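Notes follow once the structure below has been shown.
The values are calculated or read from the model by the stated rules, or taken from the named source; none is laboratory data. If you're wondering where the values come from, they're calculated on a predicted model, not measured in any experiment. Every residue, glycine as well, gets a Cβ built from its backbone with ideal geometry; the counts of neighbours run over all protein chains shown.
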Amino acid sequence: MEPGIATERPARQFFLSMKVLGIDIGGSAIKGAPVNIKTGRLTAERFRIETTKVVTPAAAAKIVAEIARHFKWRGPIGVGFPGVIHGSHVLTSANLHPRFIGCDAGKLFAKATRCRVTLTNDAAAAALAEMRFGAGRGFQGKVLLLTLGTGIGSSLCYHGTVVPCEFGHLPLRGKSAERFVSSSARKRRGLSWADWGHELGDYVHTLERMLWPELIIIGGGVSAKSRKFFKFVKPRARMVPAKFLNEAGIVGAALAVQPGR
Ligand code: BGC
């Protein structure tokens, strides 16, 4: 059998079993778990590898391969990445190593794991998970999803379609807005929940003026503390915390994989 074909049969079998390995690449860790794409549930405990230095593409490929090995994985893999993705290429890398820019990361990870890999923007992955199984389930109107972490991830959703966006890079005081209103910016700047919440409110109002979402879903680890800051944001639209919290990236990366693609 040709080497390229070797992964195809198991891939089909994995789709029949509805399991895809989801991997989420972040600034401080890379984590993954097999996901039942019919239920959105993890089928095994997630495996997380901390990254101390800013990871290069080569280092990330090694970790992705280690995660696949940990689960003895031979089926399809979905990888979420914090940057603009066109096809299997990374176009931007605001918070990871600049060597990712222009890198065919999909191909690199496929080579490292010997599995079929689908690359997706991390916020688009989170939106897929939230719209199918989480806070946006069944909602057909216009949804803005923001993930507040090291950066700000964003996606627009409408009638089941998820469009990856880059609203974290909206210019603010000559820089990207995420430098002031992401969750890590709050910590770095030592802001109180109220001060940060008000700044986040100004940012959200700017987005609302252009996008007019009917529902805003806030994801990222900080969404677990929504009670502390939601009251200061005061959006026009209904605003809710994401349901998946930290697992949206893994689940959504797996959901982005389509049979036969
Ligand atoms: C990146 C986005 C990403 C977001 C959250 C931003 O810096 O440009 O692509 O979705 O961070 O990780």
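All but one of (1) more than 13 Å from the ligand (Cβ to nearest atom); (2) surrounded by 20 or more Cβ atoms within 10 Å (Cβ to Cβ); (3) assigned by TED's automatic domain parsing to the domain that holds P213; (4) not small (G, A, S) hold for V162, so report the exception by its number.
It is condition (1) that V162 fails.
Just checking, does the range 119-136 include any residue being without any contact (Cβ under 8 Å) to a residue 60 or more places away in the chain, more than 13 Å from the ligand (Cβ to nearest atom) and polar (S, T, N, Q)?
no
Is it the case, given these coordinates, that G149 is surrounded by 19 or more Cβ atoms within 10 Å (Cβ to Cβ), under 25 Å from K243 (Cβ atoms), assigned by TED's automatic domain parsing to the domain that holds K225 and in contact with a Lys or Arg (Cβ under 9 Å, 6 or more places away or on another chain)?
no
May I ask you to say which residue of G201, G174 is out of contact with any Cys (no Cβ under 7 Å at 6 or more places or on another chain), surrounded by fewer than 20 Cβ atoms within 10 Å (Cβ to Cβ), at positive phi and at pLDDT 95 or above?
After applying the criteria, what remains is G174.
Suppose we filter R188, R209, R227, R179 for residues that are surrounded by fewer than 21 Cβ atoms within 10 Å (Cβ to Cβ), basic (K, R), within 19 Å of the chain's Cα centre (by Cα) and assigned to a helix (DSSP H, G or I); which single one remains?
R179
Based on what the data block shows, is V222 away from the ligand (no atom under 16 Å from the Cβ), in contact (Cβ under 8 Å) with a residue 40 or more places away in the chain and closer than 30 Å to V64 by Cβ?
no
Do the conditions hold for A112, that is, is it part of a helix (DSSP H, G or I), within 14 Å of the ligand (Cβ to nearest atom), in contact with a helix residue (DSSP H, G or I) (Cβ under 9 Å, 6 or more places away or on another chain) and aliphatic (A, V, I, L, M)?
It is false that A112 is part of a helix (DSSP H, G or I), within 14 Å of the ligand (Cβ to nearest atom), in contact with a helix residue (DSSP H, G or I) (Cβ under 9 Å, 6 or more places away or on another chain) and aliphatic (A, V, I, L, M).
Go through the range 87-99 residue by residue and tally those that are touching a Leu at 6+ places or on another chain (Cβ under 9 Å) and within 13 Å of the ligand (Cβ to nearest atom).
Of the residues in the range 87-99, 1 are touching a Leu at 6+ places or on another chain (Cβ under 9 Å) and within 13 Å of the ligand (Cβ to nearest atom).
Looking at the range 15-49, which of its residues are crowded, with 17+ Cβ neighbours inside 10 Å, closer than 12 Å to A129 by Cβ, more than 16 Å from the ligand (Cβ to nearest atom) and not hydrophobic (A, V, I, L, M, F, W, C)?
Passing the criteria: only G40.
I'm trying to understand the selection: among the residues of the range 14-45, which are free of Cβ contacts under 8 Å to residues at least 40 places away in the same chain and β-branched (V, I, T)?
If the condition is that a residue be free of Cβ contacts under 8 Å to residues at least 40 places away in the same chain and β-branched (V, I, T), then I30, T43 are the ones that fit.
Those residues that are within 16 Å of the ligand (Cβ to nearest atom), under 18 Å from E247 (Cβ atoms) and either among the hydrophobic types (A, V, I, L, M, F, W, C) or surrounded by fewer than 17 Cβ atoms within 10 Å (Cβ to Cβ) (or both), I need them from the range 61-86; list them, please.
Scanning the range 61-86 gives V79, F81.
Among the residues of the range 119-171, how many are hydroxyl-bearing (S, T, Y), under 13 Å from the mean Cα position of the chain (by Cα) and modelled with pLDDT of 95 or more?
4
Return yes or no: is A253 modelled with pLDDT of 95 or more and either buried (at least 20 other Cβ atoms within 10 Å of the Cβ) or in a helix (DSSP H, G or I) (or both)?
Yes.
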